Every structure is written in C-alpha cells, then in structure tokens.
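To start, the structure under review is shown below, and the notes come after it.
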C-alpha cells in the first residue's frame, strides 16, 4: 500500500482539488486502537486499487487535521474511518469493521 501521509489541514484542499480527476480516500487511524490496526492491516492485504489515492491520517498525532475533516466533509468523527472524496465532497464514509476494500472500490466506481 502506498499511503500518502496526511499531516496538515492544507492537504485537505489538495485532496479536494485532486478528487475532481480521481477518487481520494482518507483513512483515519488511531494508533492506540486494536480495531483500527486490524482494519489497516486488512486494507493493506487487499492491495491498493490503481484508480484511488490513499491518504493515512494518524489522528492521535494530528488531531486538528481530524477535526478539520469533520468540518470540511460534514461527517461525524469515527476511528477507524474511511472517507471517499470525489469532486470535492465525501461520497462514502464507513467506520470500524464495516470498512472493506470491496466496498471502497464499489463506491469509487
């Protein structure tokens, strides 16, 4: 998995801009949560679809970025959580054990 590290609020503008040409996925990960680690491993084993950019947010280290995601994409905070961004908007979000690569790929199609 080629994670793009998400560590600044300014990157959210880049994600919105890039989402006009290809889907962007944000994975909000808590390094203190075993469920989050399990889901992250499951995504990595599934392999990364070529058509989607994958961003990784360590929300413990970058809590202000996580808070800005809530404001920017109008979602409630969850952890772990994935958000699929297309044309500047969150078109899919899921959390905990509901996160699967198959569902992400289907939502991006």
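Annotation: of all residues in segment 54-76 being assigned to a loop (DSSP other than H, G, I, E, B) and touching a strand residue (DSSP E or B) at 6+ places or on another chain (Cβ under 8 Å), the one that is surrounded by the fewest Cβ atoms within 10 Å (Cβ to Cβ) is 74. Against the list (1) within 16 Å of residue 12 (Cα to Cα); (2) in contact with a helix residue (DSSP H, G or I) (Cβ under 9 Å, 6 or more places away or on another chain); (3) at pLDDT below 95, the condition residue 74 fails is (2). Of the candidates 11, 81, the single residue that is surrounded by 15 or more Cβ atoms within 10 Å (Cβ to Cβ) and over 19 Å from residue 103 (Cβ atoms) is 11.
Of the residues making up segment 1-26, those that are out of contact with any helix residue (DSSP H, G or I) (no Cβ under 6 Å at 6 or more places or on another chain), assigned to a strand (DSSP E or B) and touching a residue at least 60 places away in the same chain (Cβ under 8 Å) number 1.
The values are calculated or read from the model by the stated rules, or taken from the named source; none is laboratory data. Predicted, not measured: the structure shown is a model, and the values here were computed from it. Because the Cβ atoms are built from the backbone with ideal geometry, glycine has one as well, and the counts that use them run over all protein chains shown.
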